[in-house]
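Novice: What follows is a structure written as structure tokens; I'll ask about it next.
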Amino acid sequence: MSLTGIRFLVLLGDGVDGAAIRAALPPTAPVHTAALHDAALRMPVILEEAAPDVALVASDDLNSMIGVIRDISSREPNVPIAVLFGGSPDNGFVGAAFEAGAEDVIVLPQPSDELAFAIEKAIARRRGPSQGALAPMIAILGPKGGTGKTLTACNLAVALANLGHRPVIVDIDLQFGDVGLALGLRPTKTIYDLAVAAGDLDADKVENFVTQHSSGASALLAPTRPDHAAAVTISFLRKVFELLRGQYDFVIVDTPPAFSPEVIAAVDSSSHLCLVGMLDVLSLKDTKIGVETLARMGYDPAELTVVLNRADTSVGIAQGDVELLLGRAPDILVPSDRAIPKAITAGKTIVEEEPKSGAGQAFSDLADHYLKEAETAQAAAASTTEQQAGTTGRRFALRRR
Ligand SMILES: Nc1ncnc2c1ncn2[C@@H]1O[C@H](COP(=O)(O)OP(=O)(O)OP(=O)(O)O)[C@@H](O)[C@H]1O
Ligand SMILES: [Mg+2]
């Protein structure tokens, strides 16, 4: 696994070298740093601001750490805590740290590459046995409006459902989301209703606000009124994504045409990114900006899936020009098809209405593409778990027994 896309909370005791810890984390990673003594007083606020995927607690003084570890662990049981300890760890300390809820104890100082490796393992270990593997999450992106993001999200979900999988679409186009319309679903309960519902957010609660589609796909629909969008916060979205990844086979996120905070949160939480562009100069220019923006956020352009919609349109742009502009070939070409707007008007997908058409086939190919990616990721995760199980003679990372 890599640390890319993970949000860190780093709590530093007095005298700890924060720069060395920062150097072990990806340069673009969101890192929220706070003083350990401050965390002891303001933990709820710090956790709310940081919305961490992992917490690193670093100090030379074990007494100052134990209470903080226990506090994080009880408030955010899904957030792995790695303890970075600058003193000499006796058995009593290690046991106390694990009992308080730490995932790993890493003895400082460490070269930054080894520290990064130890942190990766702490996260992988927590995600592995205790949480089970999280399902792939695919963010469907496109900085320009009307390129076919919603079309892609809905058809991908239905194609995966047709193959016997359980996908869920999350519509985070919070003001103008139209997944419900495209799938012919009535939005009797939406993500807004979930956000304002009383009680703790857990998997059962989320399930109550998900709408079923006849294909077997599910959808968490966008608010029905634009003014409801504000109720859906970033930290809420992060939790919803994680809960859905634990419940479904695929989480597909339909996004608005912008790199808004919700979209960035979805990108950060996703395992896969799918960029949808159209074959015209303006759209391709925006797609190129999308690729560049994601590259600046730390995502390798080669790892994106690129869908080129209306790819057969005769506008004087050759395939070679597209590759030159984007710096890579598209993965999936979707032709223009008059049956698509007709199907949408009827609240149907082209995969249901005309599965053998060029567009229907293209979306089935996209589903196959992600099934293969999921298989590869599963095989890699299994081999990592095996390697970890067989690891002996660890030099510095002390494992929970
Ligand atoms: N390949 C195609 N052939 C014919 N019509 C298409 C095709 N792709 C998209 N359309 C039409 O373009 C419209 C916009 O598509 P869609 O809603 O999926 O775009 P979007 O990227 O989600 O837009 P927004 O950015 O506004 O959310 C749809 O109503 C659909 O009818
Ligand atoms: Mg849309």
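Novice: Please provide three numbers in whole Å: the alpha-carbon extents of the chain along the principal axes, with the largest listed first.
Specialist: So the extents along the principal axes, rounded to whole Å, are 71, 48, 36.
Novice: With bins 10 Å wide starting at 0, give me the P(r) of segment 8-132 over every alpha carbon pair, in whole percents.
Specialist: Cα pair-distance distribution for segment 8-132, in percent: 14, 51, 34, 2.
Novice: Just how many pairs of Lys in the chain have C-alpha atoms closer than 21 Å, counting pairs that are eight or more places apart or on different chains?
Specialist: Lysine pairs meeting both conditions in the chain amount to 13.
Novice: Quickly work out the residue 178-to-residue 29 label distance, labels modelled 7 Å from Cα along the C-beta direction, and quote it in nm with one decimal.
Specialist: Calculated label separation equals 4.0 nm.
Novice: For 149, 121, which order do you get if you count the other beta carbons within 10 Å of each Cβ and list the fewest first?
Specialist: 121, 149
Novice: When 324, 84 are ordered from fewest to most other Cβ atoms inside 10 Å of their Cβ, what list results?
Specialist: Ranking 324, 84 by Cβ neighbours within 10 Å, fewest first, gives 324, 84.
Novice: Run the simple label-point estimate for residue 20 and residue 166 please: 7 Å along Cα→C-beta, distance reported in nm.
Specialist: 4.6
Novice: Then there's this: Hey, quick one: spin label on residue 303, modelled 7 Å out along Cα-Cβ, who in segment 23-48 has an amide N within reach, i.e. under 16 Å?
Specialist: Inside the label zone: 25-30.
Novice: Still on this structure, please answer the following. Using the Cβ atoms and a cut-off under 11 Å, what net charge is assigned to the surroundings of residue 371, where Lys and Arg are +1 and Asp and Glu are -1?
Specialist: -4
Novice: Further, regarding this structure: Take the Cβ-Cβ distance between residue 112 and residue 295 as r, set R0 to 22 Å, and report the resulting FRET efficiency rounded to the nearest 0.05.
Specialist: Working from the Cβ atoms, E equals 0.45.
Novice: Which value, in debye to the nearest 20, describes the size of the charge dipole of segment 137-377 about its Cα centre when Lys and Arg Cβ atoms bear +1, Asp and Glu Cβ atoms bear -1, and nothing else is charged?
Specialist: In debye, rounded to 20, segment 137-377 gives about 400.
Novice: Same structure again: Nearest-5 percent of antiparallel DSSP beta bridges in the chain?
Specialist: Here the share of antiparallel DSSP bridges comes out near 10 percent.
Novice: Then there's this: Let me check the size of segment 32-85 from its C-alpha atoms; what are the radius of gyration and Dmax in Å?
Specialist: 10.0, 26
Novice: Just subtract the alpha-carbon distance of residue 225 and residue 376 from 0.36 nm times their residue separation and send over the number in nm, one decimal.
Specialist: Computed gain between residue 225 and residue 376 is 50.3 nm.
Novice: Take 325, 151, 243 and order them by how many other Cβ atoms sit within 10 Å, fewest up front.
Specialist: Neighbour counts put them in this order, fewest first: 325, 243, 151.
Novice: May I ask for the distance between the Cα centers of segment 321-358 and segment 258-283, given as a whole number of Å?
Specialist: Their Cα centres are 17 Å away from one another.
Read-outs throughout are calculated quantities, based only on the coordinates presented, and are distinct from any laboratory measurement. From a predicted model like this one, the values you see are computed outputs, not experimental measurements. All Cβ positions, glycine included, derive from the backbone under ideal geometry; neighbour counts span all protein chains shown.
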